[in-house]
Amino acid sequence: MRYRTLGGTGIDVSTYCLGTMMFGAIGNPDHQDSVRIIHAALDRGVNFVDTADMYSAGESEEIVGKALRDPHRRAATVLATKVYFPVGEEGPNRGGSSRLWITRAVENSLKRLGTDWIDLYQVHRPDPRTDIEETLGVLGDLVAQGKIRAFGCSAFPAEDIVEAHAVAERRGLRRFRTEQPPYSLLARGVEASVLPVARRYGMGVLTWSPLASGFLTGTYRKGRPVDLGSGRPALTPHRFDPAAPGNAAKLDAVEEFVALADEIGCSLPGLALAFAAAHPAVTSVIIGPRTGEQLEGLLEGAPLVLTDEVLDRIDAIVPPGTNLYQPDGVWRPPALTEPALRRRPLAERAAG
């Protein structure tokens with residue numbers, strides 16, 4: 001496993017990061033098996049583990065904590081988690097990026113993880129209700145207190161990243177060191193601005209969903225029926241129904257990628273992971289296995305090098321900066337979700 005420096009932190013992390021969203025109730029509920037998978041990844045050279053407080057309502061963090069209970073394993077592992085979404089009982093001030101919520105949430109994460117510090121603490125989504133200065137201020141305080149080593153953001157649009165860096169410089173605050181966007185052969189939108197901006201600011205980049213919610217595993221193929229009652233398709237059937245017009249382009253592209261992978265002698269997942277790792281802005285690609293077999297299959301592709309010719313052929317299938325689908329869970333700004341922000345009052349709309 002090769003290692004790359006995480007932005008300007010000086011922390012070296014493996015090119016594959018073990019994502020743990022599938023450990024717990026929504027994926028693999030067997031804690032012992034999940035711990036074995038984490039240990040197997042660490043034994044194979046992966047030193048970077050990413051989780052979040054909201055994964056299975058904190059259960060994923062608890063599993064990771066069990067896996068890193070040994071002080072030597074903990075010291076050798078770069079541990080990342082995230083904050084933003086509500087966890088536990090409902091009510092006001094149970095989520096977001098305010099000082100009030102972050103100071104509560106980090107203590108809960110530390111307890112579930114069974115550790116005294118978090119190496120990378122990430123704001124899971126933008127929070128338009130909270131001034132970014134407030135968020136950067138509390139995160140900087142947590143660094144000073146030794147509770148976190150560095151902090152970053154996840155699924156932030158390029159303009160929010162730029163604003164955060166400008167505020168940090170203007171106010172003398174610590175800045176975001178990383179960004180965690182979705183990125184795959186089928187979702188290349190971040191190439192247009194997010195990845196160039198992250199690179200300009202010297203940020204580390206952890207990419208998620210490299211297998212495009214399973215479309216790049218080979219499970220879903222053109223002309224094959226899809227069981228919409230189980231697994232991921234049961235959660236978002238509209239994204240997997242072959243009859244839906246929006247899925248046709250994904251399935252067509254998958255067939256071309258399967259042919260390309262066969263030609264160069266690799267698996268479809270191997271092609272997908274190697275593609276994401278080849279971008280100069282990407283530090284680490286998050287893999288999210290549910291089983292030990294899946295982990296081994298993903299790690300097998302680590303040595304794969306894609307030539308310029310292969311990357312050119314990928315560009316011909318899905319052009320740079322193009323999304324064939326919108327990844328699940330990507331934050332959309334209020335300007336797109338709230339019609340009132342795009343429409344003047346009725347009496348003021350006419351030009352004359």
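Note on the stretch 21-138: Cα-only Rg and Dmax are 14.6, 43 Å. For the stretch 124-277, with all protein chains in place and a probe radius of 1.4 Å, 49% of the accessible heavy-atom surface sits on carbon or sulfur. Distance between the pseudo-spin-label points of ARG174 and GLN326 (7 Å out from Cα toward the beta carbon): 3.4 nm.
Taking Lys and Arg as +1 and Asp and Glu as -1, the other residues whose beta-carbon sits under 12 Å from that of ARG73 total +1. Surface analysis of the stretch 16-120 yields an accessible area of 42 Å² per residue, using protein heavy atoms and a 1.4 Å probe.
Of ASP53, ASP131, the order by accessible heavy-atom surface (1.4 Å probe, DNA, RNA and ligands excluded), from most exposed downward, is ASP131, ASP53.
Working note: Karplus 6.51/-1.76/1.60 with θ = phi - 60° gives the stretch 316-331 the couplings 6, 7, 10, x, x, x, 9, 9, 7, 7, 8, x, 4, x, 6, 5 Hz, where Gly and Pro are set to x.
The residues of the stretch 150-190 expose, per residue, 34 Å² of accessible area to a 1.4 Å probe. The gain in end-to-end length when the ASP70 to GLU338 segment is fully stretched comes to 91.7 nm, 0.36 nm per residue minus the alpha carbon separation. Here the stretch 297-352 has 54 percent of its accessible surface on carbon and sulfur atoms, given a 1.4 Å probe and all protein chains in place. Of PRO345, TYR325, ALA272, whose Cα points farthest to the positive end of the dipole of the stretch 197-352 (charges on the beta-carbon: +1 Lys, Arg; -1 Asp, Glu; origin at the Cα centre)? Positive-end residue among those listed: PRO345.
The portion of the accessible surface of the stretch 38-92 made up by carbon and sulfur, rounded to a whole percent, is 52 (1.4 Å probe; DNA, RNA and ligands excluded). Specify which residue in the list PRO29, ALA75, ALA144 is farthest towards the positive end of the charge dipole of the chain, using unit charges on the beta carbon of Lys, Arg (+1) and Asp, Glu (-1), about the Cα centre. About the Cα centre, the residue reaching furthest to the positive side is ALA144.
Taking the Cα centre of the stretch 239-308 as reference, the dipole from Cβ charges on Lys and Arg (+1) and Asp and Glu (-1) amounts to some 340 debye.
The residues of the stretch 267-352 present an accessible area of 56 Å² per residue when probed at 1.4 Å with all protein chains retained. Our summary gives the chain a relative contact order of 17 percent, counting only alpha carbon pairs under 8 angstrom and 6 or more residues apart. The convex hull drawn around the Cα atoms of the chain, when projected onto a plane and averaged over every direction, covers 20.5 nm².
As a length-normalised measure over Cα pairs under 8 Å and 6 or more apart, the relative contact order of the stretch 201-352 settles at 26 percent.
Normalised by the number of residues in the stretch 127-186, the average gap of Cα pairs under 8 Å and 6 or more apart makes the relative contact order 41 percent.
Taken along the Cα-to-beta-carbon direction at a fixed 7 Å, the label points for GLU348 and LYS222 span 5.0 nm. A simple count of charges around LEU268, restricted to other residues whose Cβ falls under 15 Å of its Cβ and scoring Lys, Arg +1 and Asp, Glu -1, yields -1.
From its DSSP helices (H runs of at least four residues, each -39,500 (n - 2.57)), the chain gives a residue-normalised ellipticity at 222 nm of -11500 deg cm²/dmol. Each residue of the stretch 44-53 was assigned a 3J(HN,Hα) from its phi angle through the Karplus expression (A = 6.51, B = -1.76, C = 1.60, θ = phi - 60°), giving 8, x, 6, 10, 10, 10, 10, 9, 7, 5 Hz with x at Gly and Pro.
Sequence-ordered 3J(HN,Hα) estimates for the stretch 193-209 from the Karplus curve with 6.51, -1.76 and 1.60 and θ = phi - 60° stand at 9, 4, 5, x, 5, 4, 5, 4, 8, x, 8, x, 10, 10, 9, 10, 6 Hz, glycine and proline given as x.
Against the criterion of solvent-accessible heavy-atom surface with a 1.4 angstrom probe, LYS66, LYS82, LYS111, LYS222 sort, most first, into LYS111, LYS222, LYS66, LYS82.
The values are calculated or read from the model by the stated rules, or taken from the named source; none is laboratory data. This is a predicted model, so every value here is computed, not measured. Note that we place each Cβ from the backbone using ideal geometry, even for glycine, and neighbour counts take in every protein chain shown. Ligands, DNA and RNA are stripped out before the accessible areas are found, and what is left, the full protein with its side chains, is counted by its heavy atoms. Shrake-Rupley method; radii C 1.70, N 1.55, O 1.52, S 1.80 Å.
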